[in-house]
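These notes concern the structure reproduced below.
The values are calculated or read from the model by the stated rules, or taken from the named source; none is laboratory data. These numbers were taken from a predicted model, which means no experiment stands behind them. For neighbour counting, all protein chains shown are included, and Cβ atoms are generated from backbone atoms with ideal geometry for every residue, glycine included. Side chains included, ligands, DNA and RNA excluded: accessible areas come from the protein's heavy atoms. Shrake-Rupley method; radii C 1.70, N 1.55, O 1.52, S 1.80 Å.
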Amino acid sequence: MSDMQLIDPVAQERALYALAQAALDHWPGTYSDLTLIKYRENAVFSAMRDGVTKIALRVHRLDYHSDASLRSELQWVRCLAEAGLGVPDILLTTGGEEFALVATPDLPQPRQVDMLGWLNGKPIGSIELGLDGTPEQQGALYHAVGILAARLHQRTKAWPLPAGFTRHAWDHEGLIGPQPFWGPFLELDGLTPFHRAKILRAVEESRLEMERYGRSTENFGLIHADFVPENIIVNDGRLHLIDFDDCGFGWYMFEIATALYFHIGTPNFHVLRDNMIAGYASVLPLSDADLRMIEVFLFLRSTTYLGWVHTRSETETAREMKDYFIERTMLLADALL
């Protein structure tokens, strides 16, 4: 059991603040204005260094990634930065390390903590509130989001993986195997026997579709895997990408499905979908088989969120979003079947 599951939400935040404050001693400079800005998978703080430079500090979820896996994530981010993509700078500790291991009396199991350069701008939207702008502006925005995703994949295809590189996979096993990466989604409290039966039918259909689609260097590789509006930052008309915590090996169309997932049911969904596909295809060609898989991966993306809620029940986000994800999964299972 996680140490965070033993304490209430207010105590969780207090404990995380104390650990983040202790972690700052591992980096050069003096820090002020430590502020918790996001607590879902990780706890993300902002702070000012030497009174002039804003930074982001990530306190990672306990035992989510091995040290080797976290180093691999940061290697990939540096690779993307070298290719000119808008991603955060990685700020090394005083000892030249990519991250520190930090524990406190309230959280005695050491947590990985890393520091990133702050990207100016604002998110293009949020899960809860959607996107700003007219339908036309949103369509143009998602054309650019499609281009960003394709450039990410294009760079990935050309990058020889460093020795020792390791990340999880959003593949058959990671999505619908005996131990899905984000947790056993069918065990979520709140699913009825009717829910589970329909989800199982849709899972089997998804399995067949993935087998037909296959897996090659053209359709499968490193993906960000969390292309949600809050992780896409716009500044002076340029899009930047943050939060690579879930990056791993997966189908490129799973990336597109993730970017579209939280817009399902909105009046502008098809405009966003068509524009994102068009933007992506302007950089990398898409086949009919690629396009057919988006519906499959929308359903499988939804099952991963059920698993996320099940295994992260201590978080406020999991409690708030459970019913939403159950309803969305059933809608997508119906569409797939």
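Return the total of residues in the range 275-320 being in contact (Cβ under 8 Å) with a residue 60 or more places away in the chain and assigned to a helix (DSSP H, G or I).
Looking only at that region, the number is 25.
Kindly state which strands (runs of 3 or more DSSP E) lie completely within the range 160-244 and contain at least 1 residues that are free of Cβ contacts under 8 Å to residues at least 60 places away in the same chain. Give the steps one after another, and end with the answer.
Numbers: elements: 220-223, 232-235, 238-241.
Of the strands (runs of 3 or more DSSP E) lying wholly inside the range 160-244, those with at least 1 residues that are free of Cβ contacts under 8 Å to residues at least 60 places away in the same chain span 220-223.
Results for (1) surrounded by fewer than 20 Cβ atoms within 10 Å (Cβ to Cβ); (2) closer than 23 Å to Ile232 by Cβ, shown as yes or no for each residue.
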| position | (1), (2) |
| --- | --- |
| Thr35 | yes, yes |
| Arg40 | yes, yes |
| Val59 | no, yes |
| Ala68 | yes, no |
| Gly86 | yes, yes |
| Ala103 | yes, no |
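Would you point out which residue out of Ala150, Ala140 is aliphatic (A, V, I, L, M), open to solvent by less than 70 Å² (accessible area, probe 1.4 Å), part of a helix (DSSP H, G or I) and touching a Leu at 6+ places or on another chain (Cβ under 6 Å)?
Details: Ala140 fails: touching a Leu at 6+ places or on another chain (Cβ under 6 Å).
Unique residue meeting the criteria: Ala150.
Restricting attention to the range 191-211, which residues are under 25 Å from Tyr324 (Cα atoms), out of contact with any Leu (no Cβ under 7 Å at 6 or more places or on another chain) and open to solvent by 40 Å² or more (accessible area, probe 1.4 Å)?
Of the range 191-211, the ones under 25 Å from Tyr324 (Cα atoms) are 191-207.
Narrowing further to those that are out of contact with any Leu (no Cβ under 7 Å at 6 or more places or on another chain): 191-195, 197-198, 200, 203-204, 207.
Of everything in the range 191-211, those that are under 25 Å from Tyr324 (Cα atoms), out of contact with any Leu (no Cβ under 7 Å at 6 or more places or on another chain) and open to solvent by 40 Å² or more (accessible area, probe 1.4 Å) turn out to be Thr192, Pro193, Phe194, Ala197, Leu200, Glu204, Arg207.
So how many residues does the range 107-137 have that are of a type in the set (S, T, N, Q) and touching a Leu at 6+ places or on another chain (Cβ under 8 Å)?
In the first step, residues of the range 107-137 are kept if they are of a type in the set (S, T, N, Q); the result is 109, 112, 120, 126, 134, 137.
The next check asks that each one be touching a Leu at 6+ places or on another chain (Cβ under 8 Å); those that pass are 109, 112.
So the count comes out to 2.
Looking at His168, is it buried (at least 16 other Cβ atoms within 10 Å of the Cβ), within 30 Å of Arg196 (Cα to Cα), touching a Gly at 6+ places or on another chain (Cβ under 8 Å) and at pLDDT 95 or above? Break it down stepwise before answering.
Details: buried (at least 16 other Cβ atoms within 10 Å of the Cβ): yes; within 30 Å of Arg196 (Cα to Cα): yes; touching a Gly at 6+ places or on another chain (Cβ under 8 Å): yes; at pLDDT 95 or above: yes.
For His168, the condition - buried (at least 16 other Cβ atoms within 10 Å of the Cβ), within 30 Å of Arg196 (Cα to Cα), touching a Gly at 6+ places or on another chain (Cβ under 8 Å) and at pLDDT 95 or above - is met.
For the range 6-33, which positions are of a type in the set (Gly, Ala, Ser), within 19 Å of Asp106 (Cα to Cα) and either buried (at least 20 other Cβ atoms within 10 Å of the Cβ) or in contact with a strand residue (DSSP E or B) (Cβ under 8 Å, 6 or more places away or on another chain) (or both)?
Applying the first criterion (of a type in the set (Gly, Ala, Ser)) to the range 6-33 yields 11, 15, 18, 20, 22-23, 29, 32.
Applying the additional criterion that residues be within 19 Å of Asp106 (Cα to Cα) yields 11, 15, 18, 20, 22-23.
Of everything in the range 6-33, those that are of a type in the set (Gly, Ala, Ser), within 19 Å of Asp106 (Cα to Cα) and either buried (at least 20 other Cβ atoms within 10 Å of the Cβ) or in contact with a strand residue (DSSP E or B) (Cβ under 8 Å, 6 or more places away or on another chain) (or both) turn out to be Ala20, Ala22, Ala23.
Restricting the range 294-326 to residues that are small (Gly, Ala, Ser) and either touching a Ser or Thr at 6+ places or on another chain (Cβ under 7 Å) or open to solvent by 10 Å² or more (accessible area, probe 1.4 Å) (or both), which is nearest to Gly265 (Cα to Cα)?
Within the range 294-326, the first condition is being small (Gly, Ala, Ser), and the residues that meet it are 302, 307, 313, 318.
Next cut, either touching a Ser or Thr at 6+ places or on another chain (Cβ under 7 Å) or open to solvent by 10 Å² or more (accessible area, probe 1.4 Å) (or both) only: 302, 313.
Numbers: Ser302: 14, Ser313: 26 Å.
Only one residue tops the list, namely Ser302.
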